[in-house]
Amino acid sequence: GGLWHYTRDLPRPCLSRSDPSETDTREDFRYMTGTIRKAVLPVGGLGTRFLPATKAIPKEMLPVVDKPLIQYGVEEARKAGIEEIIFVTSRGKAAIEDHFDHHFELMATLEARGKSKELELASAMEATAGKISFTRQPQALGLGHAVWCARNLVGREPFAVILPDDLVLHPEGCLAQLVAAYNEVGGNLVAVEDVPREQTMKYGILDVVQDPEGEKGGRLVRAKGLVEKPKPQEAPSTLSIIGRYILQPEVFDELDRQDKGAGGEIQLTDAMARTIKNQPFHGLRFQGRRFDCGSKAGFLEANIAYALEREDLRDTARDIIKRYGDKS
Ligand code: UTP
């Protein structure tokens, strides 16, 4: 449908007016055309579901095949046209900063040894100075609190949020799809997928406006409410929010209240829900396969799926799966 024709043109803003400066200041123009320049990647969590691996190593540094989760997140952001990455970190997350930094000794050694392929791999994710920043979440008070910690770095413009432990396997990435949809509808937008009803208490769930278009298989649904981790019998739908968002800066005003929600945490969904009366809120049924790499089963499956996508590993991976699949 009309939603997808934008995807290939991204990451450029759609400059549909002949001379934007005539009617708008540069900042207003950005807001209206929805150029999403910044992405917040909250990595302040404790990763308790993945102990013991996450005791001394950030969950976000766990590799799927040979790349840490966090790098997939940043690559997806870049594919969506994001210029600036903002990490919300905490104690013990220094490896994440180092990963995107220049490693002089490693580079010099690889260069001296003529290892050009490795040199390319090790330098590919080096951030341009000034395009990456880190701020600290002093206590893991919840995702809403983590996003709020980035408020001064984001400023008053719409922004993206990527939870790096959610991986989405798709050539263009999930965020690029959200940005394309955002260029059509604006407001707040989240990536959603249907989950089995018995799993609703693990997710933020959308209360959708009944929409015949949506029921015919449309990808965009309009929400009139959001509920964090509802019991199956109380869930208004089975559309669950995954870790990709586009948010208006007004969400920070709601987060300022520091209200605690489900699990005693400051929930992002609660703050988003309170903006619904003033701003449009949509869910996008994204394309691609999503893996919850914060859970052991999801992480394991992601490793298999990503290995099968890789030309250099596909045959080996198939062989391994076959060998173990035969054993019962
Ligand atoms: P999770 O719900 O997966 O929490 O957070 P977690 O603490 O990382 O892991 P578990 O549940 O204890 O195993 C989703 C995302 O939000 C970030 C996490 O780092 C992760 O990327 N987060 C969560 C924060 O940055 N701060 C928080 O206070 C909570």
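Every number in this text was worked out from the coordinates using simple rules, so none of it is lab data. Note that the structure is predicted; figures quoted are calculated from it, not measured. Neighbour counts run over all protein chains shown; Cβ positions are idealised from the backbone, glycine included.
Computed quantities for the displayed model
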quantity	calculated
Sparse-neighbour loop sites [trypsin sites (Lys or Arg not before Pro); the range 204-305; at most 15 other C-beta within 10 Å; DSSP]	K216, R257, K260, K277
Amide proton proximity set for V208, modelled H, under 5 Å, gap of 5+	K224
Set of lysines near K38 by C-alpha distance (under 18 Å), chain-local residues within fewer than 8 positions excluded	K79, K131
Computed magnitude of the charge dipole of the range 93-229 (debye, nearest 20; Cβ of K, R +1, Cβ of D, E -1)	320 debye
Reachable aspartates and glutamates, given that their alpha-carbon falls under 14 Å from the alpha-carbon of K224 and they are not under 8 places away in the same chain	D207, D211, D270
For I242, distant residues with modelled amide H under 5 Å away	A191, V192, E193
Neighbour cut-off at most 15 other Cβ (10 Å), DSSP loop, trypsin sites (Lys or Arg not before Pro), the range 76-141	R91, R113, K115, K131
Highest-MSF residue in the chain out of Y182, Y245, Y306 [GNM, Cα springs under 10 Å]	Y306
For the chain, built as a Gaussian network whose Cα springs stay under 10 Å, the top-fluctuating residue of V209, V192, V161	V209
Derived scalar couplings ³J(HN,Hα) [the range 99-108; Karplus, 6.51 cos²θ - 1.76 cosθ + 1.60; whole Hz; x for Gly, Pro]	4, 9, 9, 7, 10, 4, 4, 4, 4, 4
Spatially proximal lysines relative to K59 (Cα-Cα < 22 Å; intrachain offsets below 8 disregarded)	K67, K93, K202, K296
Per-residue [θ]222 nm for the chain (sum of -39500 (n - 2.57) over DSSP H runs n ≥ 4, rounded to 500)	-9500 deg cm²/dmol
Kirkwood Rh in Å, taken over the chain so that all alpha-carbon pairs contribute	21.0 Å
Using θ = phi - 60° and Karplus 6.51 cos²θ - 1.76 cosθ + 1.60, couplings along the range 289-296 (whole Hz; Gly, Pro as x)	9, 10, 10, 8, 7, x, 10, 5
Dipole-positive endmost among F252, I266, P230 within the range 228-270 (Cβ charges, Cα centre)	P230
Karplus (6.51, -1.76, 1.60) ³J(HN,Hα), θ = phi - 60°, over the range 146-160, in Hz, Gly and Pro reported as x	4, 5, 4, 4, 8, 4, 6, 6, 7, x, 9, 8, x, 8, 9
Alpha-carbon centroids, the range 290-328 and the range 218-248: separation in whole Å	29 Å
Amide hydrogen neighbours beyond the local backbone of Q267, cut-off 5 Å, H modeled	G144, G261
